[in-house]
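Chemist: Below you'll find the structure I mean.
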Amino acid sequence: MATQSTCGLVGCTRAASYRFVSSAQDNGIRCRWHALVYWPVCGRALKVAVIVGTILMVINQGDVLLNGHLTVLVACKIVLTYTVPFSVSTYSAFAANRLHST
Ligand SMILES: [Zn+2]
């Protein structure tokens with residue numbers, strides 16, 4: 001069985017890096033760039049970020065928000081709080097679907 005060495009999207013000639021479970025019309029093979037915008041992975045990471053990020057934000061910044069002391073620094077911390085679960089979810093999907101173990 002031959003393996004595809006390039007990205008599965010039409011017109012993309014970058015090297016294949018990941019293989020995601022997908023529908024019959026899409027082989028799920030993606031280069032690094034297109035893996036970042038692959039909707040099943042990105043959408044799941046967004047859901048995780050909203051749920052886990054909100055819980056972490058309430059734990060870490062809830063008292064500040066309830067007291068009405070929102071500053072630029074606190075707003076930046078809130079944004080970073082949401083990026084952590086998004087990054088972890090995305091990294092986990094990439095690690096689990098990597099084509100090469102290197
Ligand atoms: Zn590609």
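The values are calculated or read from the model by the stated rules, or taken from the named source; none is laboratory data. Just so we're clear, the structure is a prediction, and the values are computed from it rather than from any experiment. Backbone-built Cβ (ideal geometry, glycine too); neighbour counts: all protein chains shown.
Chemist: Is it the case that some residue within segment 29-38 is touching a Phe, Trp or Tyr at 6+ places or on another chain (Cβ under 7 Å), surrounded by 17 or more Cβ atoms within 10 Å (Cβ to Cβ) and in a helix (DSSP H, G or I)?
Modeler: Yes.
For (1) at pLDDT below 95; (2) more than 11 Å from the chain's Cα centre (by Cα); (3) not in a helix (DSSP H, G or I), each residue gets a yes or a no:
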| site | (1), (2), (3) |
| --- | --- |
| Gly68 | yes, yes, yes |
| Ala75 | no, yes, no |
| Val79 | no, yes, no |
| Pro85 | no, no, no |
| Val88 | no, no, no |
| Ser101 | yes, yes, yes |
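Chemist: Looking at segment 34-45, is at least one residue over 14 Å from Phe94 (Cβ atoms) and under 20 Å from the mean Cα position of the chain (by Cα)?
Modeler: yes
Chemist: Which ones in segment 1-45 are under 30 Å from Ile78 (Cα atoms) and either touching a Cys at 6+ places or on another chain (Cβ under 7 Å) or more than 15 Å from the ligand (Cβ to nearest atom) (or both)?
Modeler: His34, Pro40, Gly43, Arg44, Ala45 - these are the residues of segment 1-45 that are under 30 Å from Ile78 (Cα atoms) and either touching a Cys at 6+ places or on another chain (Cβ under 7 Å) or more than 15 Å from the ligand (Cβ to nearest atom) (or both).
Chemist: May I pose another question? Run down Val48, Val72, Val64, Val58 and say which single residue is touching a Pro at 6+ places or on another chain (Cβ under 8 Å) and more than 16 Å from the ligand (Cβ to nearest atom). Spell out how you get there, then give the answer.
Modeler: Values: Val72 fails: touching a Pro at 6+ places or on another chain (Cβ under 8 Å); Val64 fails: touching a Pro at 6+ places or on another chain (Cβ under 8 Å); Val58 fails: touching a Pro at 6+ places or on another chain (Cβ under 8 Å).
Only one candidate qualifies: Val48.
Chemist: I'd like to check something: does segment 4-26 contain any residue that is touching a strand residue (DSSP E or B) at 6+ places or on another chain (Cβ under 6 Å) and exposed (fewer than 13 other Cβ atoms within 10 Å of the Cβ)?
Modeler: Yes - at least one qualifying residue is present in segment 4-26.
Chemist: Assess whether Val64 counts as being farther than 30 Å from Arg14 by Cα, surrounded by 14 or more Cβ atoms within 10 Å (Cβ to Cβ) and either touching a residue at least 24 places away in the same chain (Cβ under 8 Å) or in the same structural domain as Asp26 (by TED's automatic domain parsing) (or both).
Modeler: no
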